[in-house]
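Read the structure below first, then the notes.
The values are calculated or read from the model by the stated rules, or taken from the named source; none is laboratory data. Bear in mind the structure is a predicted one, so any value in this text is a computation, not a measurement. Note: ideal-geometry Cβ built from the backbone for every residue, glycine included; neighbour counts use all protein chains shown. We work out accessible area using only protein heavy atoms, side chains counted, and drop any ligands, DNA or RNA first. Shrake-Rupley method; radii C 1.70, N 1.55, O 1.52, S 1.80 Å.
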Amino acid sequence: LQTLSTVALDPRTASLLENGRFPELKKLGLHYEKRDDTMYECDPRVLLQSCLHRLSYLRKLKLIGTTEIPQNAANVCVFPSTITKITLTKFGFFNSSAMNTLGKLPNLLVLKLSSQKSDASFDLHCAAGGFSKLQVFVMVEIMVKSWRVVKGSMPSVQRVVVRNCEYLTELPEEIWSLTALCQVNVSCPSRKLAKTLQNLEVKNKRKLVVYPRSTN
């Protein structure tokens, strides 16, 4: 079996993965939902830490309902280093610490953050040296209010997608200096972001596509 999606992230699922029941998995989707049944109630970070390290062929991971990013004692993400795409959706909280943890994955090509469930806004700070191979970064309907990209971060990004992020008022100036960048897509921006992008002069054959909010 190479694809398993989408199954509940609970002790039973974690046990199957940890015991090597699906050693050839390349694509995995896990859904976490807090339950009243104490038999299946557990810290999702602990569950992920216990089960993912056995998946040495994993390429694509989708986590629904949790942003708990497990780390080891050296603050290194314990996700398999083979992962090339991560999707986090319907999460309740996210921050720069989680972002920088994901940035240490050596082969990550695509990162998608979407459909935040809570109303808690947050900042994203991409540290130097992070996301060394990332090519596509997508943010859809999340409460990010500030996004910073330090020089030396995301050097390989080719495409950025920002959709329905109403709290984001500007894009980091540093992304326009990324030599690999080809296209930036922005849909339904805030009024301030739309005004900023309207006056932006894009150079070096890069493409900026903006889909404004409907006048209706």
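Probe radius 1.4 Å, ligands and nucleic acids left out: which of Ser50, Ser15 has the largest accessible area, and how do the rest follow? Intermediate results must be reported in sequence, preceding the final value.
Details: Ser50 30, Ser15 50 Å².
Output order, biggest surface exposure first: Ser15, Ser50.
Taking just the alpha carbons, could you work out the radius of gyration and Dmax for the chain, both in angstroms?
Cα only, the chain: 18.1, 57 Å (Rg, Dmax).
Rank Gln71, Val186, Tyr57 by how far each Cα sits towards the positive end of the charge dipole of the chain (+1 on Lys, Arg Cβ; -1 on Asp, Glu Cβ) and give me just the farthest.
Selected residue: Val186.
Quick one: P(r) of segment 46-121 from all Cα-Cα pairs, 5 Å bins, percents rounded to integers, in order of increasing distance.
Calculated over all Cα pairs of segment 46-121, the distribution is 3, 15, 28, 29, 17, 6, 1, 0 percent.
State to the nearest 20 debye the size of the charge dipole of the chain about its Cα centre, where the only charges are +1 on K and R beta carbons and -1 on D and E beta carbons. It would help to have the intermediate numbers written out before the result.
Details: 30 positive and 17 negative charges, 188 e Å.
Computed about the Cα centre, the dipole is about 900 debye.
Leaving out ligands, DNA and RNA, what percent of the accessible area of the chain is carbon and sulfur, probe 1.4 Å? Please list the in-between numbers first.
Working: 5370 of 11640 Å².
Here it works out to 46 percent.
Can you show me the helix-derived [θ] at 222 nm for the chain, built from DSSP H runs with n ≥ 4 at -39,500 (n - 2.57) apiece and divided by the number of residues, rounded to the nearest 500. Show your work: numbers first, answer last.
Details: 4 runs with 31 residues, N = 216.
Helix contribution divided over all residues of the chain: -4000 deg cm²/dmol.
So for segment 95-198, if I pair up every lysine 8 or more residues apart or on another chain, how many of those pairs have alpha-carbons under 20 Å apart?
9
Size of segment 162-216 along its principal axes in angstrom, Cα-based, largest extent first?
37, 18, 17
Skip the ligands, DNA and RNA, and give the accessible area per residue of the chain with a 1.4 Å probe, whole Å². The partial results should precede the final answer.
Working: 11640 Å² over 216 residues.
On a per-residue basis, the chain sits at 54 Å².
Work out from phi, with θ = phi - 60° and the Karplus expression 6.51 cos²θ - 1.76 cosθ + 1.60, the ³J(HN,Hα) of each residue of segment 2-15, listed in order in whole Hz, and give x for Gly and Pro.
Coupling constants for segment 2-15: 10, 10, 9, 6, 10, 10, 5, 8, 9, x, 5, 4, 4, 5 Hz.
Could you work out the Rg to Rh ratio of segment 105-216, with Rh taken as the Kirkwood radius (inverse of the mean 1/r over all Cα pairs)? Write out the running numbers ahead of the final one.
Details: Rg = 13.6 Å, Rh = 14.4 Å.
Taking Rh as the inverse mean 1/r over Cα pairs, Rg/Rh reads 0.95.
Per-residue counts of other Cβ atoms within 10 Å, averaged by peptide: what ranking do you get for 186-195, 101-110, highest first?
Highest-to-lowest ranking by the protection proxy: 101-110, 186-195.
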